[in-house]
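Below is one structure. I have some questions about it.
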Amino acid sequence: MQAAADKAIGLLLMLVTILVICAEWGIALWASFLTPAMMLVLVIILTVQVRLSRKVFVAVAALLSIALVVTNPNWREIILQGSAAAAFIGAFFAALSTLRTVAATSPAIERAGAFLAGQRPGKRYGALTIGGQAFALLLNYGSIQLLGALAMSNAKAEPNAEIREHRIRRMLLAIQRAFISTLPWSPLSFAIAISTTVIPDTSWTQVLVPGLLTSSIIAGIGWAMDSIFKPRLSVMPIRIDPPGTWTVMLPLIVLLATLIIGVIVLNAGTDVRIVGLVAVLVPAIAVAWLFIQHWSQAPFISVTRRISTYILVELPTYRGELILLMMAGYIGTVGSQLLAPIVINAGFDLSSLPTWLILVSFVWIIPFAGQLGMNPILIVTLIAPLIPSAASLGVDPTALVVALTAGWAMSGASSPFTATTLLIGSFAGVSARHVGLIWNGTFTIVCCFVLSLWVLIYAFIS
């Protein structure tokens, strides 16, 4: 029974992904009517299998849908929009995960990760920050799992308990902060995919440069705080040279170059959104990588088996993440349509607020909502319809995306409900709340202040 349900989840998600890609590329639009029905069946199957905390999100989505039917005559159109948002998120997740599953079996990637984790103490944080961004771009949350496991292996080899404890904390924080620093600029991040969708007239190419500067601020503050507040040890750690040289990073650099160049070339040659390009390019790179891995082992048969295993076995294991992310998109889309009339009737008009206050509020509201269990996808899609147009605010639309993605990154650092803090906490043997508020509390506050200033500089000066 379980095996049949898993196969159904994998197949339905693949079909939804294909339909979403077709919609993004403007082909086979006649089949788009199938997407809402497939999404409904997929959500029902997933709901039966996930734990209670995930079922709550489905229950909230159902209650909001009922409220919408009762109060809004355009409920059908809005529910279809919510279903489309959920389908897009599920498809984007499935497409990105292909690269993660292929990288998990790559000896070259493991060697590169071991090299970063094995750096000497004075260089380790910087190496994990820079190299961790490259891993995050390719592996998404898999970068935390891979580098976290290698970091723990490295730390556990240290016989001194005092050194080991500090090493674990500093290495894991470097990995986490490297990951969140990619969110404001990576074409593979949900932060970019969702923000450029809800803010009109924006794209990844417009956000790339300011996003990289946001990333540099986050990574730079992390490195500075690690250096300034470096623990004073009662014993001197033994310095051991890392295995290999920086040349072990070449396969990772080639993959990154292939991905970025591919996105830029396709973006220049087509009118398809970046998310639509990524949803095709990433699986294509993953399949090509599989052929390289299995070239001497009956490649066509081996690759077909790996793809089948990914769809029918591996994808269903992400059921908890899938239902959370998809329902966050649906709840945000539907909930915003219920919230907007309430806000208007209450006489509250965001356009009456100073532009600087609106921009800065995004940097703080998103991580604050994360403390209450609100996924960034949910909060961003929820508040998007309430945001005045960029023209009325007197700023470029990209400035809104820069502010939203900055807040999104800070939620990833501090919220005890995000995958980043949960994964880091599981490796360290502490709670996600401890990671978010104790380990990253001061870091988050400092970053929010500096990022608030950066957002205003970009909006009004740059």
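Using a 1.4 Å probe, how large is the accessible area of Ser352, given in Å² and rounded to the nearest 10?
90 Å²
Would you compute, for the Cα atoms of the range 307-462, the largest minus smallest coordinate along each principal axis and list the three values in descending order, in whole Å?
The Cα atoms of the range 307-462 stretch 50, 35, 32 Å along their principal axes.
While we're here: Ser32 versus Leu256, label points 7 Å from Cα toward the beta carbon: distance in nm?
3.6 nm
Hey, another quick one. Which residue, Tyr458, Ala117, Ala268, has the largest displacement toward the positive end of the dipole of the chain when charges sit on each Cβ (Lys, Arg +1; Asp, Glu -1)?
Ala117
From Cα pairs below 8 angstrom and at least 6 apart in sequence, can you work out the relative contact order of the range 352-462, rounded to a whole percent?
On the way: 133 pairs, mean separation 35.0, N = 111.
31 percent.
For the chain, count all C-alpha to C-alpha pairs, find those more than 41 Å apart, and express that count as a whole percent of the total. It would help to have the intermediate numbers written out before the result.
Details: 17075 of 106491 pairs.
Counting pairs separated by more than 41 Å, the tail of P(r) holds 16 percent.
With each pseudo-label sitting 7 Å past Cα toward Cβ, what's the Trp295-Gln49 distance in nm, one decimal?
Result for the modelled spin labels: 3.6 nm.
Applying 1/(1 + (r/R0)^6) with R0 = 56 Å to the Cβ-Cβ distance of Ala8 and Ser351, what FRET efficiency is obtained, to the nearest 0.05? Can you show the working numbers first?
On the way: r = 47 Å, r/R0 = 0.83.
Computed FRET efficiency for Ala8 and Ser351 comes out at 0.75.
Just by accessible area at a 1.4 angstrom probe, what is the order of Leu315, Leu11, Leu325, Leu386 from largest to smallest? Numbers along the way, then the final one.
Details: Leu315 0, Leu11 95, Leu325 25, Leu386 45 Å².
Ranked from most to least accessible, the order is Leu11, Leu386, Leu325, Leu315.
Further, regarding this structure: Output wanted: per-residue J couplings in Hz (rounded whole) for the range 162-174, from phi through Karplus 6.51 cos²θ - 1.76 cosθ + 1.60, θ = phi - 60°, x for Gly and Pro.
Going residue by residue, I get 5, 5, 4, 4, 5, 5, 4, 4, 5, 5, 5, 5, 4 Hz, with x marking Gly and Pro.
In what order, largest first, do Ile365, Ile377 sit by accessible area if the probe radius is 1.4 Å? It would help to have the intermediate numbers written out before the result.
Values: Ile365 75, Ile377 0 Å².
Highest to lowest solvent-accessible surface, that is Ile365, Ile377.
Tell me, in nm to one decimal, what length is gained between Ala108 and Ser227 on full extension, where the rule is 0.36 nm per residue of separation less the Cα-Cα distance?
On the way: separation 119, 0.36 × 119 = 42.84 nm, distance 3.01 nm.
Separation in residues times 0.36 nm, less the Cα-Cα distance, equals 39.8 nm.
Excluding Thr98 itself, what net charge comes from residues whose Cβ is under 12 Å from its Cβ, given Lys and Arg +1 and Asp and Glu -1?
Numbers: positive: Arg100, Arg306; negative: Glu314.
My count for the surroundings of Thr98 gives +1.
If you don't mind, another one. With a cut-off of 8 Å between alpha carbons and a minimum separation of six or more residues, what is the relative contact order of the range 69-224 in percent?
Details: 139 pairs, mean separation 31.8, N = 156.
Over the range 69-224, the number comes to 20 percent.
Across 5 Å bins from 0, what is the distribution of all Cα-Cα pair distances for the range 305-352, in whole percents?
Reading the bins upward from 0: 4, 18, 13, 13, 12, 10, 8, 7, 6, 5, 4, 1.
So how much slack lies between Ile342 and Ala149, counting 0.36 nm per residue of separation and subtracting their Cα-Cα distance, in nm? Don't skip to the answer; put the middle values down first.
Working: separation 193, 0.36 × 193 = 69.48 nm, distance 4.74 nm.
Going from the current span to full extension adds 64.7 nm.
Using 5 Å bins from zero, what percent of all Cα-Cα pairs in the range 116-184 falls into each bin?
P(r) over the range 116-184, rounded to whole percents: 3, 21, 31, 24, 13, 6, 2, 0.
Give the accessible area for Tyr125 in Å² (nearest 10); use a 1.4 Å probe, count only protein heavy atoms, and leave out ligands, DNA and RNA.
Surface open to solvent at Tyr125 totals about 20 Å².
Treating the Cα atoms of the range 300-397 as identical point scatterers in vacuum, please give the log10 of the normalised Debye intensity I(q)/I(0) at q = 0.14, 0.17, 0.24 Å⁻¹, two decimals.
Evaluating at q = 0.14, 0.17, 0.24 Å⁻¹ gives log10 I(q)/I(0) of -0.67, -0.84, -1.29.
Still on this structure: Let me check against my output: what whole-number percent is the relative contact order of the range 1-148, with C-alpha pairs under 8 Å and at least 6 apart?
24 percent
Can you grab the distance from the C-alpha centre of the range 250-278 to the C-alpha centre of the range 415-434, Å, no decimals?
32 Å
Calculate the dipole size of the chain relative to its Cα centre from +1 charges on Lys and Arg beta carbons and -1 charges on Asp and Glu beta carbons; express the result in debye to the nearest 20.
Details: 24 positive and 15 negative charges, 262 e Å.
The calculated dipole for the chain is roughly 1260 debye.
Please compute the per residue accessible area over the chain with all protein chains in place, 1.4 Å probe, rounded to a whole number of Å². Each step should come with its number before you reach the end.
Numbers: 20200 Å² over 462 residues.
Computed with neighbouring chains in place, this is 44 Å² per residue.
At 7 Å along the Cα-to-beta-carbon direction for both Ile66 and Phe460, put a label point, then send me their distance in nm to one decimal.
The modelled label-to-label distance comes out at 4.7 nm.
Could you compute the net charge surrounding Ser411? Neighbours are other residues with a C-beta less than 15 Å from the C-beta of Ser411; K and R count +1, D and E count -1.
Values: positive: Arg177, Arg433; negative: none.
Counting the neighbours of Ser411, the net charge comes to +2.
The values are calculated or read from the model by the stated rules, or taken from the named source; none is laboratory data. This is a predicted model, so every value here is computed, not measured. With ideal geometry, Cβ positions are generated from the backbone for all residues, glycine too; neighbour counts draw on all protein chains shown. Calculation scope for accessible area: heavy atoms of the full protein, side chains included, ligands and nucleic acids excluded. Shrake-Rupley method; radii C 1.70, N 1.55, O 1.52, S 1.80 Å.
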